[in-house]
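Single-structure report; data block below.
Please treat every number below as a calculation from the coordinates, not as lab data. Just so you know, these numbers come straight off a predicted model, no measurement behind them. Glycine gets a Cβ as well: all are built from the backbone with ideal geometry, and neighbour counts include every protein chain shown.
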Amino acid sequence: MESKYKIRLLRVNLLLAAVVLVLWSFGAPPLATVALLTAALWLFTTAILLEFTLRHSRDLSWQVLTSALLLFLIVAAPERHSILIWVWAALFMLPQNRIMTLFNIGGALSSWLLVAFNLSAAQAAMLLVAMVILTLLAIAQTRRLIDLNGSIRQRLRLIPGLNLWAGEQLLKDLNREQIRARREDIYAEVLIVHQKRHQLWANAHRLCEMTHDFENVYRLDGSTLAVLLLCRDAATGARRRLALCAALPSGVVHQHVPLEELDPAGVSLECLNRRHDVSQRNGA
């Protein structure tokens, strides 16, 4: 839930980068022009088709295409695009698997060989040393942050490996998710589930398995769970809510509250439980 993925800001940055590449293509050799316009088209298409997501994409195809375009730009005109060799260090700061890391290392070394042809031996050696140092620092920093974040979140989880949190964490997440929902124009709601005490942990497991990685389940008390659902629109939220509730045992009572109707400053765990109790009495 700590992701700060800002879709609109990212879209603007991608469009600006595409414009810069188009401007850079003026006066470039034919192959360099093709490389720059291809990269600009990819950035423009990515910005237009950018989907709602709360996590940085770790999809292998997306990362391979990014690295391949960077390598293409340098291969097309090494003497003209040599400055782009430093972008490899930035790519190593992204979360990636071992295969992608090896692919980027190969691309960085290939780029260095192409650029080194236009440099003296001393300059090429200094460039290589600088790239190795920056790469190692980028990888080490990324690993450190991933391990640190993972260990902190793991200690806060009620069950290791599951997105199950104490109810107090929900109170901390409400304001952030309200802001995110307004900014990214998505639908968010809190699904409150009340069951018998002996059913709570089994239902918590089931809900964690059926929700996305960026959605959390919260234990409000010994018999009440809450799920923070994030969807594209209210219709999608309704379908997902019905699917979650259908997977729970009979006798489970549930209620949903759109996030926009909650006041983070005044809401409390007791308030959420009272809402549930009122709905039970009204249903009776």
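Across all C-alpha atoms in segment 164-283, the radius of gyration and Dmax reach 13.3, 39 Å. Charged side chains reduced to their Cβ positions (Lys and Arg at +1, Asp and Glu at -1) give segment 164-283 a dipole of some 320 debye around its Cα centre. Computing FRET efficiency as 1/(1 + (r/R0)^6) for Cys245 and Val34, where r is the C-beta to C-beta distance and R0 is 51 Å, gives about 0.45. Measuring nothing but how far apart in sequence close Cα pairs (under 8 Å, 6+ apart) lie, relative to its length, segment 164-283 scores a relative contact order of 36 percent. Model label points for His212 and Arg183, set 7 angstrom from Cα along the Cα-to-Cβ axis, are 1.6 nm apart. By the count of neighbouring beta-carbon atoms within 10 Å, fewest first, Phe44, Phe26 end up ordered Phe26, Phe44. For segment 177-227, the list of chymotrypsin sites (Phe, Trp or Tyr not before Pro) that fall in a loop by DSSP and count at most 12 other C-beta atoms within 10 angstrom is empty. The fewest-to-most ranking of His81, His198, His212, His256 by surrounding Cβ atoms within 10 Å reads His198, His212, His256, His81. When the Cα positions of Gln169, Trp201, Val257 are compared along the charge dipole of segment 164-283, Trp201 comes out farthest toward the positive end, with charges on each C-beta of Lys, Arg, Asp and Glu. Remark: the Ile105-Trp86 segment gains 5.6 nm on full extension, using 0.36 nm per residue and subtracting the alpha carbon distance.
Whole-Hz Karplus values for segment 166-173 come out as 5, x, 4, 5, 4, 4, 6, 7 Hz, taken residue by residue from phi with 6.51 cos²θ - 1.76 cosθ + 1.60 and θ = phi - 60°; glycine and proline positions read x. Fully extending the segment from Leu15 to Leu128 would add 37.5 nm, taking 0.36 nm per residue of separation and subtracting the current Cα-Cα distance. Each peptide in 228-234, 34-40 gets a packing score, the mean of other Cβ atoms within 10 Å over its residues, and the list from highest to lowest is 34-40, 228-234.
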